[in-house]
Amino acid sequence: MSETSFDQQFDHYITKNIRDYYKRRIIGPIAFLLFLIVLSLFLPIRSLVFPTKISGANSISTHYNKNQDYVNVTLKDLYFTGYTKEWLGQRNGYYYYTIINDKGYIVLLDPKTCDQGISTIDKVTINAKIIPNSIAASTLIEKLSTDLNWTNESMSDSFSKYMLSEPATSGWFTKLFVLLLEVFVLYSILHLFICGLSIAFPVLSRPCRRLYVYGNPKKILAEAEEELKTLPQLATEDMFITQHYFIETSSFGVAIVPIKEILWIYKYSTLHKILWHHFSISYTLHITANKHRYIRCPKNMKSDIDGIMDYLAEANHNILVGFNEENRQKVEKMQGDYIFLQKFFAFLSKKV
């Protein structure tokens, strides 16, 4: 390979890999948000999270036909029917009725809203779900006609085909579903924003921001790019060593570590199998650096990792090589791990 083509291959190589990494990661949140948009065309997801505010019950059927099942509505002059709804042995709703413009509406209220079934409610504002009258609601209208000395036909004609159910919006399952939905949507939007920002400005991405403990991330990135472009000291498929940096650019992430900051390196093998059949072994390079920076480079060949470890150990003679208890304790001491707890226990021992 000529020097010119080599330079072109590694020109802004780290920046390109950062962009490619976040382009792959941006697919997930985009797909999830698109799935929710498509799903909202068939299910009343939007109205569940943001109930449509309506002034009265007249537009109930209109909103139901528009797939806006969940509403925020203010009702006046509600009368307790004397009937309740039970589920799993628990009373979870009280049936009321109200008359609006000569039309009756059945309203199922939460026990807390109606104080366990008070006879009349002058005014109340609730979040409720619009549902077609169920068999229970139809039976209720029949019983109500008997209580009010009306004929069943006249009572059925006087009442709407739809009712309002507050417990359908106030139940723990519905609240949990809405909470999880809001969390996932916010997380997806935040993830989308971070990925977009990292693609537009790679220096603001997490692999670069983690370098602030070693200096100016922008300068470190530029220096690593220049060294990698000029001539890497050692290169595998996705790991590189330049004069001053160890660089990883794999599908699992991008990492830049100053060689002088590396404290400990070791490899870890993983046996891959399906049922009783062992089909491959992969190796992961673990790097511990100053300022509590930990890098994992998974699914590499043993020869590649051995070559990287040998070169790093030669480039920085202070690096501890291999996993053992002695090295682990040395790194803990150098990193100052658990120093607060050690001081705390020493303080307690003195007091005791």
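Among I259, F159, F32, pick out the residue whose Cα is farthest towards the positive end of the charge dipole of the chain, where Lys and Arg carry +1 and Asp and Glu carry -1 on C-beta, about the Cα centre.
Result: I259, furthest along the dipole toward the positive end.
Could you sort S205, S170 by their accessible area in this structure, using a 1.4 Å probe and putting the largest first?
Of S205, S170, the descending order of accessible area is S170, S205.
Compute and list, largest first, the equivalent-ellipsoid semi-axes of the chain from the alpha carbon gyration tensor, each √(5λ) rounded to a whole angstrom.
67, 26, 19
What is the sum of charges, Lys and Arg at +1 and Asp and Glu at -1, for the other residues whose Cβ falls under 15 Å from the Cβ of K85?
After counting each charged neighbour, the total is +1.
Once you have the Kirkwood Rh of region 280-328 from its Cα pairs, apply Stokes-Einstein at 37 °C and 0.692 mPa s and quote D in µm²/s.
Calculated translational D: 277 µm²/s.
Using the membrane-span-like helix rule (whole DSSP H runs, Cα extent along the own axis of at least 30 Å, mean Kyte-Doolittle hydropathy at least 1.6), which helices of the chain qualify?
172-200
Measure out, as a whole number of angstrom, how far apart the alpha-carbon centroids of region 9-76 and region 166-221 sit.
So the two Cα centres are separated by 17 Å.
Would you rank D310, D102 by solvent-accessible area, highest first, keeping every protein chain in place and using a 1.4 Å probe?
D102, D310
If a/c stays under 1.5 just call it rounded; otherwise compare a/b with b/c (prolate if a/b is bigger, oblate if not). Do that for region 215-316, with a ≥ b ≥ c from the square roots of the Cα gyration tensor eigenvalues.
In terms of gyration-tensor shape, prolate.
Run through region 192-294 and list the trypsin sites (Lys or Arg not before Pro) located in a DSSP loop whose Cβ has at most 13 other Cβ atoms within 10 Å.
Passing both the DSSP loop test and the Cβ count: K291.
If you take the beta carbon distance between V38 and L234 as r and set R0 to 41 Å, what does 1/(1 + (r/R0)^6) give as a FRET efficiency, to the nearest 0.05?
Once the sixth-power term is evaluated, E becomes 0.25.
With n ≥ 4 as the cut-off for DSSP H runs, can you work out [θ] at 222 nm for the chain, using -39500 (n - 2.57) per run divided by the number of residues, rounded to the nearest 500?
-13000 deg cm²/dmol
Order H244, H12, H63, most accessible first, counting only protein heavy atoms with a 1.4 angstrom probe.
Descending accessible area places them as H12, H244, H63.
Mind scanning K143/K175; K299/K330; K23/K175; K273/K330; K229/K291; K218/K302 and naming the pairs with a C-alpha gap bigger than 31 Å?
K143/K175; K23/K175; K273/K330; K218/K302
Net charge within 13 Å of C195 by Cβ-Cβ distance, Lys/Arg positive one each and Asp/Glu negative one each, not counting C195 itself?
Residues close to C195 contribute a combined charge of +4.
The values are calculated or read from the model by the stated rules, or taken from the named source; none is laboratory data. Since the structure is predicted, the reported quantities are computational estimates derived from the model, not experimental observations. Because the Cβ atoms are built from the backbone with ideal geometry, glycine has one as well, and the counts that use them run over all protein chains shown. What goes into the accessible areas is simple: the full protein's heavy atoms, side chains included, and nothing from ligands, DNA or RNA. Shrake-Rupley method; radii C 1.70, N 1.55, O 1.52, S 1.80 Å.
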